[in-house]
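The values are calculated or read from the model by the stated rules, or taken from the named source; none is laboratory data. No experiment lies behind these values; they were computed from the predicted model shown. Positions of Cβ are backbone-derived with ideal geometry, glycine not excepted, and every protein chain shown enters the neighbour counts.
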Amino acid sequence: MSSKPKQPSATLNFENAMDRLEAIVEQMESGKLPLEDLIVRYEEGMNLVKICQERLASAEQKIEIIAHNSAGKPIVKDFEPAAEAEIDNKAADERGEQTNEVRLF
């Protein structure tokens, strides 16, 4: 069995957690793991999903904190990924730029 050693969640960043989660999914979809290993991988995957959700929530809170109004005064603003992406895409279209939209979910 060639599994990577588990990293403590305190040192695992979002990108590393996503990479490990993708590797787990590939292993599970291969159909080559016995049931016991599938259960272990599933449990690890669920822990990684929790880490990713926590990291995303933290990032969203930081975005709310650093938002500023047009006068330059800091304001707390809710993070709206779909609305922000749509505004950015429209502004880029008006400038004649191409947009590279990336969606995680």
Q. For residue 33, are the conditions met, namely being at pLDDT 90 or above, in a helix (DSSP H, G or I) and surrounded by 10 or more Cβ atoms within 10 Å (Cβ to Cβ)?
A. no
Q. Do we find that residue 23 is aliphatic (A, V, I, L, M), modelled with pLDDT under 80 and over 15 Å from the mean Cα position of the chain (by Cα) in this structure?
A. no
Q: Test residue 47 against the criterion of being at pLDDT below 95 and assigned to a helix (DSSP H, G or I), and give yes or no.
A: no
Q) Which residue pairs have Cβ atoms closer than 7 Å, lie 6 or more positions apart in sequence or on different chains, and pair a first residue in the range 30-56 that is small (Gly, Ala, Ser) with a second residue that is crowded, with 16+ Cβ neighbours inside 10 Å? A) 45/21; 45/24
